[in-house]
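The values are calculated or read from the model by the stated rules, or taken from the named source; none is laboratory data. For clarity, every value in this text was computed on a predicted model and none was experimentally measured. Here the Cβ positions follow ideal geometry from the backbone for every residue, glycine too, while neighbour counts run over all protein chains shown. All accessible areas refer to the heavy atoms of the entire protein, side chains included, with ligands and DNA or RNA removed. Shrake-Rupley method; radii C 1.70, N 1.55, O 1.52, S 1.80 Å.
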Amino acid sequence: MPGLVIVGAQWGDEGKGKVTDLLAERADVVIRFQGGNNAGHTIIRDGETFKFHLIPSGILYPGKTCAIGNGVVIDPGVLTGEIEGLRERGVDISGLRVSANAHLIMPYHVLLDTAGEIRLGKLEIGTTRRGIGPCYADKASRLGIRVQDLLDEKILRKKIMAAMEPKQQMLRPFVKDPALDLHTMTETYMTYGHRLEPHIADTAKLCWDALDRDATVLFEGAQGTMLDLDHGTYPFVTSSNPIAGSATIGAGVGPGDLNEVWGIAKAYATRVGAGPFPTELDDEMGELLRERGGEVGTTTGRDRRTGWIDTVALRYGRRLNGLTALVVTKLDVLSGIDPLRICVRYRHPDGAVFDEFPYHQSIIHAVEPEYEEMPGFEGDISAARREEDLPAEARDYLNALTDHTGVPVVLVGVGPGREQVIWMGKEAEQRLSAAT
Ligand code: GDP
Ligand code: IMO
Ligand code: MG
């Protein structure tokens, strides 16, 4: 004990990377448990920017054990590139561990992801086209190729053949793609295997050992609650479960090992890709949030859709994740906006009111948000480090979020830098001592 899970409470890009980096200092192990390089976690440390897609956001602490758990899907080309990039910048990656059981994204997964989106046309999901969905599909079909398979050429070749065989039809348009040649693919993946070998490990055991010595294990989520394969806005979701319970499966620990679950939410809301987004703003305010918040995707460079914060979705996330604390990032972006709006319920055109997130997709698409208006705050808050440094209206806004979600706000982001945070009083101390 203890285990602390960091999850996205909205549609991803809430600032999980920054919060993980901040808390990693107190943890012995930081582990990713789901998703793949569809994630993009940005960390700004002493003015230097790092973008992580696969490597856990704790890697900037020299020697820190940073694990990629069995639940993650790994594109080994991206992972080796990320390792190389960090080495060139002088980052010590000796603590990096990669689960032998994690599944590998293969060249055909990437091609099939794109082909699937093209086939859907206007109905596309807006995936990151990194091969995430097809890789998880192969995992469930028991046609997946795992990290440990990279260490045995014969097995690797056989498994690639078996995995490609049922895809012949779908892969026909790419038949001339050299990346799909069995020999080339096996060779390339063997090379990745050699490069990754020193990092391959039993990552579940690393977590157990740390928990046994009472050290903190930090489980770093990717994506967000509303993109969850089971509970999100299906089919406009990712192909893994970003919610907290998934940390047990994706890292290999028991439910009782997850002591604290902190949900990360922006002070407003964003979404990349298609799908319902009840509080979306298609107007100048939406544009202002995008511009001020720098809302451009870390992974794909796509503009993020923007809107007001949605406490119906956050209450849903509270239950799904068992949130013990809320972290509100990017409060600084809201400065000067008056009034501020908080979505507190949805209303359907037929008059039905929803205090809880509706389960029916057609309803989610049709509802309109109902807002509570709050007075805005003025001025640059990026230098605030204590709750008292915040304007009263900003504190009122945070209190309203706690009231509407039932989850205490323990940490607030007032800028992208790792030091630009405010720990919120006694509640923060309590949660922090429970977590570390
Ligand atoms: P993640 O995927 O959840 O790790 O989030 P991303 O890194 O994709 O997106 C969050 C963006 O917001 C990054 O560019 C961060 O540097 C930035 N960020 C995080 N916290 C804050 C904050 O409190 N204020 C501001 N202005 N930017 C922040
Ligand atoms: P982080 O960890 C935001 C979205 C995609 C698309 C949907 C499915 O940085 O918060 P996928 O490629 O996963 O099959 O795409 O999920 N998506 C994300 N949106 N942040 C992410 O990760 C995301 N990862 C996937 O835009 O709508
Ligand atoms: Mg991101």
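In this structure, Lys159 does satisfy being away from ligand 3 (no atom under 16 Å from the Cβ), among the basic types (Lys, Arg) and over 28 Å from the mean Cα position of the chain (by Cα).
One residue alone among Gly116, Gly126, Gly121 is farther than 18 Å from Leu79 by Cα and not in a helix (DSSP H, G or I), and that residue is Gly126. Consider segment 38-60 and keep the residues that are assigned to a strand (DSSP E or B) and open to solvent by less than 40 Å² (accessible area, probe 1.4 Å). The one that is nearest to Val421 (Cα to Cα) is Ile43.
Taken together, Leu314, Leu398, Leu331, Leu390 contain a single residue that is away from ligand 3 (no atom under 16 Å from the Cβ), touching a Phe, Trp or Tyr at 6+ places or on another chain (Cβ under 9 Å) and either under 19 Å from Lys16 (Cα atoms) or free of Cβ contacts under 8 Å to residues at least 12 places away in the same chain (or both), which is Leu331. Comparison of Ile264, Ile200 shows that the only residue that is more than 16 Å from ligand 3 (Cβ to nearest atom), open to solvent by less than 50 Å² (accessible area, probe 1.4 Å), among the hydrophobic types (A, V, I, L, M, F, W, C) and out of contact with any Cys (no Cβ under 8 Å at 6 or more places or on another chain) is Ile200. Return yes when Asp389 is open to solvent by 80 Å² or more (accessible area, probe 1.4 Å) and either hydroxyl-bearing (Ser, Thr, Tyr) or at pLDDT 95 or above (or both) and no when it is not. For Asp389, the condition - open to solvent by 80 Å² or more (accessible area, probe 1.4 Å) and either hydroxyl-bearing (Ser, Thr, Tyr) or at pLDDT 95 or above (or both) - is not met.
Total residues in segment 399-418 satisfying the condition of being under 18 Å from Gly293 (Cα atoms) and either out of contact with any Asp or Glu (no Cβ under 6 Å at 6 or more places or on another chain) or modelled with pLDDT under 95 (or both): the figure is 5. Please find, within segment 6-37, the residue that is farthest from Met226 (Cα to Cα) out of those that are part of a helix (DSSP H, G or I) and open to solvent by 10 Å² or more (accessible area, probe 1.4 Å). Residue satisfying both the conditions and the ranking: Leu22. Look at segment 410-421: where a residue is assigned to a loop (DSSP other than H, G, I, E, B) and a partner is more than 6 Å from ligand 1 (Cβ to nearest atom) and modelled with pLDDT under 95, sitting 6+ places away or on another chain with Cβ atoms under 6 Å, you get Arg418/Arg45. Taken as a whole, the structure leaves Leu171 outside the set of residues that are touching a residue at least 24 places away in the same chain (Cβ under 8 Å) and open to solvent by 80 Å² or more (accessible area, probe 1.4 Å).
Just so you know, in segment 40-72 the residues that are touching a Phe, Trp or Tyr at 6+ places or on another chain (Cβ under 6 Å) and more than 16 Å from ligand 1 (Cβ to nearest atom) include one that is nearest to Gly17 (Cα to Cα), and it is Gly69. Selection of segment 241-262 for residues being in contact (Cβ under 8 Å) with a residue 60 or more places away in the chain and more than 19 Å from the chain's Cα centre (by Cα) yields Val253, Asp257, Asn259. Taking His194 as the residue in question, decide whether it is open to solvent by 50 Å² or more (accessible area, probe 1.4 Å) and either among the hydrophobic types (A, V, I, L, M, F, W, C) or not in a helix (DSSP H, G or I) (or both). Answer is no for this residue. Looking across Ile155, Ile132, Ile160, one residue alone is surrounded by fewer than 17 Cβ atoms within 10 Å (Cβ to Cβ) and β-branched (Val, Ile, Thr). It is Ile155. Only one entry of Leu218, Leu227 meets the criterion of being buried (at least 22 other Cβ atoms within 10 Å of the Cβ), in contact (Cβ under 8 Å) with a residue 40 or more places away in the chain, more than 30 Å from Tyr108 (Cα to Cα) and under 23 Å from the mean Cα position of the chain (by Cα), and that entry is Leu218. When you scan segment 72-83, do you find a residue that is within 13 Å of ligand 3 (Cβ to nearest atom), at pLDDT 95 or above, among the aliphatic types (A, V, I, L, M) and open to solvent by less than 30 Å² (accessible area, probe 1.4 Å), even just one? No, the conditions are met nowhere in segment 72-83.
Annotation: Asp113 fulfils all but one of (1) under 26 Å from Thr191 (Cβ atoms); (2) open to solvent by less than 10 Å² (accessible area, probe 1.4 Å); (3) out of contact with any His (no Cβ under 6 Å at 6 or more places or on another chain); the unmet one is (2).
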